[in-house]
Amino acid sequence: MWKDVDVHQLAREAYLPVQPCTKEEIEEHVRFARLELYNRDLPCGPRAIRGRLEEWQVHPLPSERTIAQFLARLGLTHGRTGFYH
């Protein structure tokens, strides 16, 4: 079984460069992560969101400050789930 595995091919596939996300895609990832954490009643601040984005292998990984700016722009601060009408 293991003699049939091409180890060099597996190594090449494991280290393929990941396509970087656009700013808009990262903002959507931040929004989704924030609402997911909020709905599960988990900590949902910039540090927790950054950890979730790291688990999802978002590239490039935004800083906590950038995540905080996204949250403020999206109205997702202080326990809010968006802008209210």
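Evaluate the Kirkwood expression for the hydrodynamic radius of segment 21-85, namely the inverse of the mean inverse distance over all pairs of different C-alpha atoms, and round to one decimal in Å.
So the Kirkwood estimate lands at 11.6 Å.
Read phi for every residue in segment 69-85 and hand back ³J(HN,Hα) as whole Hz from Karplus 6.51 cos²θ - 1.76 cosθ + 1.60, θ = phi - 60°, with x for Gly and Pro.
Ordered by residue, 3J(HN,Hα) equals 5, 4, 4, 5, 5, 8, x, 10, 10, 6, x, 7, 10, x, 7, 9, 9 Hz.
Bear in mind these aren't lab numbers, they're just calculated from the coordinates by the rules spelled out. None of the values given here were measured: they were computed from a predicted structure.
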